[in-house]
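Values quoted throughout were computed directly from the atomic coordinates according to the rules given, and no laboratory measurement underlies them. Worth saying up front: this structure is predicted, and the values here are computed from it rather than measured. Positions of Cβ are generated from backbone atoms using ideal geometry, with glycine treated the same way; all protein chains shown enter the neighbour counts.
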Amino acid sequence: MDPTAAPAPQGGLAGRTIAVLGFGNQGTAQALNLRDSGLSVIVGARESGASAARARDLGFEVFPLAGAARRADVAALLLPDDRVPGLWPELLPALSPATSLVFAHGYVPLYADLAMPPQGDVVLVSPTGPGRVLREEFARGAGLPAYLAVHRDVTGGAWALAEAYATAIGSARARLLRTTVREETEVDLFGEQTVLCGGMNALVGAAFDTLTTAGYAPELAYLEVVHQLKYLADLLHERGVAGLREEISSTALYGDLTRGPRVIDAHVRAEMSRILDEIRSGAFAAEWSGEAGAGRPRLRQLLETARGAAIERARRAALGGAGDPPGG
């Protein structure tokens, strides 16, 4: 069997219309993978927006969000977490009472306390990577692992729905892990805040500042503590911590094992525990809800400050502007 061949339509999804609501990174990837798996897919997006035009260019039938919801047997909610509550008064009346919902992250089901279609199942299918990678893996006949959870099982077939959806986006080619909505949400937020985004960005920023404050050239500092991170992360991804240590020099290995614990010390571990407590108690969700509801003033200010940081200028100098983000 050709490993790149699209999987056959899965039981509970065959013959049903799937409305992908939101056409960002995850929405684009999942809609393409679902369609390539032989399923009927429509897209819901803001009619005048760039994502709607992009979806049409890719051959999808596109409707306003409520219009797509009205046509859905299964609706995949792939909109930003903070936008869903504000859109719900428009979306819920458009959904059939029997429409099932698929979320890619447990944040909204866990924290938003929204009414759901009374006769539909509500499940979580959360790929463990960005939409771009989900699509790339699918196209080469592989897949990203996914977390599956059931928020509400009305029909008795919620787990089957989650597994069918995950198979159609390619994740069953890798691994499907059953969990709960709460566990997925709390682990995901903790990972983002302490390692994948917050921890990583703060760590490389602090290392860059330490070197440049001591008089080292910004370009060298950038290449050392940011640019090379990709290659080590690739090794970590492919071979794990022990495998990475087999690939580095003995000097680097000694520094890893003797100095690493001084960077990630008892204070850092205690702060990680406090961050996890804020997530588990709902304090972070309440803080973010208030920030989003106020129009994101603090987020905008923090982002503007970060964009002007010396590390960004060093990146452009070190790499000659190669790979700058749009507008960057």
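For every other residue with a beta carbon closer than 14 angstrom to the beta carbon of Val102, add +1 if it is Lys or Arg and -1 if Asp or Glu, then tell me the sum.
-3
In 10 Å bins starting at 0, how do the alpha-carbon pair distances of the stretch 127-275 split up by percent?
9, 26, 32, 21, 9, 2, 0
Over all distinct alpha-carbon pairs, what is the Kirkwood Rh of the stretch 11-179 in angstrom?
15.5 Å
What size of dipole, in debye to the nearest 20, comes out for the stretch 11-179 about its Cα centre when the only charges are +1 on Lys and Arg C-beta atoms and -1 on Asp and Glu C-beta atoms?
Dipole about the Cα centre, nearest 20: 320 debye.
Return the calculated 222 nm mean residue ellipticity for the chain, to the nearest 500 deg cm²/dmol, obtained by summing -39500 (n - 2.57) across DSSP H runs with n ≥ 4 and dividing by the residue count.
-16000 deg cm²/dmol
How large are Rg and Dmax for the stretch 189-319 when calculated on the C-alpha trace, in angstrom?
Cα-based Rg and Dmax for the stretch 189-319 come out at 17.3, 52 Å.
For the chain, what's the relative contact order in percent, using C-alpha pairs closer than 8 Å and at least 6 residues apart?
13 percent
Quick one: which residues, 5 or more positions from Thr155 or on another chain, have an amide H under 5 Å from its amide H? H modelled 1.01 Å from N in the peptide plane, none for Pro or chain starts.
Amide H to amide H, under 5 Å and 5 or more residues apart or across chains, Thr155 pairs with Asp121.
Which whole-Hz ³J(HN,Hα) couplings does the stretch 66-81 yield from phi under the Karplus relation 6.51 cos²θ - 1.76 cosθ + 1.60, θ = phi - 60°, glycine and proline marked x?
Couplings: 5, x, 5, 4, 5, 9, 8, 8, 10, 10, 9, 8, 10, 7, x, 3 Hz.
Rg (Å, one decimal) plus Dmax (Å, integer) for the alpha carbons of the chain?
Taking only Cα atoms of the chain, I get Rg and Dmax of 22.0, 65 Å.
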